[in-house]
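The values are calculated or read from the model by the stated rules, or taken from the named source; none is laboratory data. Here the structure is a predicted model, which means the values were calculated and not measured. When we count neighbours, we look across all protein chains shown, and the Cβ atoms used for this are built from the backbone with ideal geometry, even at glycine.
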Amino acid sequence: MRMSLKTLISAIILGIAANAVAAPVILNEYNAVGSAKHLDTDTFAGSTKEDSTFGRILGNGGNWFELVVTEDHVDMRGWELRWAELGSTGAAKNDSTEVWLPGSPVADQGILKLSNDSIWSNLRSGTIITIGEGHTITSQGGATIVSGSDTSYNPAGGDWWIHAYSFDAALFDFTLDTTNTLTSNKDGAFSVGNDNWQLSIYNASNSLMFGPAGESAVGGFPGGVNSNEIYKLQADPSPTVVGSAYSDGTSSTFGAPNAWTSGGNPFVQDLSALQSVVPEPASASMASLGLIALLALRRRKGN
């Protein structure tokens, strides 16, 4: 496809993923709530805002971010999720190790590299992937929502969600130095916060597939995410999402379509177009019955 210089420059300015190449996987949401704070306010009693999955809990589930697959049959084996928290103080952060993002002062940064596990080999369009550092995430009432990784993923059966525990050696490849986050250099450790956090996604061939996207990314949301908020895409996910479609907010939806309010009206992401690549279970059954009936009819006609 030929692209004029003017169009290319416009695409870069807008922050379209991977320099205007359709992105098969995009950032959808991340948690910027501080570990000692709650969504919307510091104290539990200060607000009724809560995450749609685990309710109103301290830290809003800890370090986690969420992706959406926007193209069908994506093979993410060996892909790298490169995160960085650029900061705003102008001083070098932590151990000053440049894992993947060069510059001075050095930002907190790291790489979560996906393994060759089959779960990553054939991702269907409309899949939601959450990646979290906490082994067990519980609800407000104490019930376990996620323990370790959840790979029961089955789009044909209506399950479109994969949760990957970042220390799970089956789902992540720890053969490279992956992080310099905070005080831990442990493989799989990462941080997500409100200090200009960004994500870039690279495939196994080291080609940029999406990003950078996040607070203050070029062509994206200008900043202002605080430690009581979520950063999220406020639009239906698509391969050509632009940075300006992201914003901060206090509606949190771990493992589910994003929700937000604009002009006093509530909105929820619609993933049905992306997920239409897989028939509904009932539709698939009807199609199978129809095929069986057609074959039987053909057999009778041939006899």
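Here are the numbers for this structure:
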item	result
Candidate set from the stretch 92-132 (those that are outside any strand (DSSP E or B), modelled with pLDDT under 95 and of a type in the set (D, E, K, R)); member that is farthest from the chain's Cα centre (by Cα)	ASP95
The stretch 243-273 - residue that is among the aliphatic types (A, V, I, L, M) and assigned to a strand (DSSP E or B) and, of those, surrounded by the fewest Cβ atoms within 10 Å (Cβ to Cβ)	VAL268
Residues of the stretch 120-144 satisfying the condition of being β-branched (Val, Ile, Thr) and crowded, with 19+ Cβ neighbours inside 10 Å	THR127, ILE128, ILE129, THR130, ILE131, ILE137
The stretch 64-86 residues that are in a strand (DSSP E or B) and modelled with pLDDT of 95 or more, paired with ones that are of a type in the set (Asp, Glu) and buried (at least 24 other Cβ atoms within 10 Å of the Cβ) (beta carbon under 6 Å, 6 or more apart)	GLU66/GLU29
Residue in the stretch 1-59 that is surrounded by the fewest Cβ atoms within 10 Å (Cβ to Cβ), counting only those that are modelled with pLDDT of 95 or more and in a helix (DSSP H, G or I)	ALA45
Residue that is hydrophobic (A, V, I, L, M, F, W, C) and more than 16 Å from the chain's Cα centre (by Cα), where the choices are LEU67, LEU81, LEU58	LEU58
In the stretch 153-173, the residues that are in a loop (DSSP other than H, G, I, E, B), in contact (Cβ under 8 Å) with a residue 60 or more places away in the chain and touching a Ser or Thr at 6+ places or on another chain (Cβ under 6 Å)	TRP160, ASP173
Condition check for GLY243: closer than 24 Å to ASP195 by Cα and at pLDDT below 95	yes
ILE145 vs. criteria β-branched (Val, Ile, Thr), part of a strand (DSSP E or B) and within 20 Å of PHE190 (Cα to Cα)	no
Every residue from the stretch 162-220 that is crowded, with 17+ Cβ neighbours inside 10 Å, among the polar types (S, T, N, Q), farther than 24 Å from PRO257 by Cα and modelled with pLDDT of 85 or more	ASN203
